[in-house]
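Beneath this line is the structure, given in structure tokens, with notes to follow.
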Amino acid sequence: MRCGGLERSLARDRAHHAERAGAVSFHGMFNAYWEPLTFELPATAAADGSRWRCCLDTAAASPGDIVPWASAPLVAGSSRLVEARSIVLLAQAVPPGSRGADVESAV
């Protein structure tokens, strides 16, 4: 079920924030299954070649489980293994004035 009004409002809000310098795009993966699962990653919308960074992984040992996005390790490839019963949050810098394809289609 989709809530069109809320979806459009959130998309406009994301587009507004993406136009400012230092904007960040997030992608969350939640694995409630009892075995590790591989998730496909969305393509990066940044023309400057920015890649996803892993800033939160609840399966990782501390202090590597939560890392500031700017210094988080880069994610290699187009998929990510998420351990059983864990959460992974990826972040990507969005260049000023850039708008992702998902925002364009939802506005």
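Points to keep in mind about this one:
- Each residue of segment 61-76 was assigned a 3J(HN,Hα) from its phi angle through the Karplus curve 6.51 cos²θ - 1.76 cosθ + 1.60 (θ = phi - 60°); the sequence is 6, 5, x, x, 6, 10, 9, x, 4, 5, 10, 5, x, 5, 9, 8 Hz, with glycine and proline shown as x.
- Of the Cα atoms belonging to segment 23-97, the radius of gyration and Dmax stand at 12.4, 41 Å.
None of the figures in this text is laboratory data; all of them are computed from the coordinates on show. Keep in mind it's a predicted model, so treat the numbers as computed, not measured.
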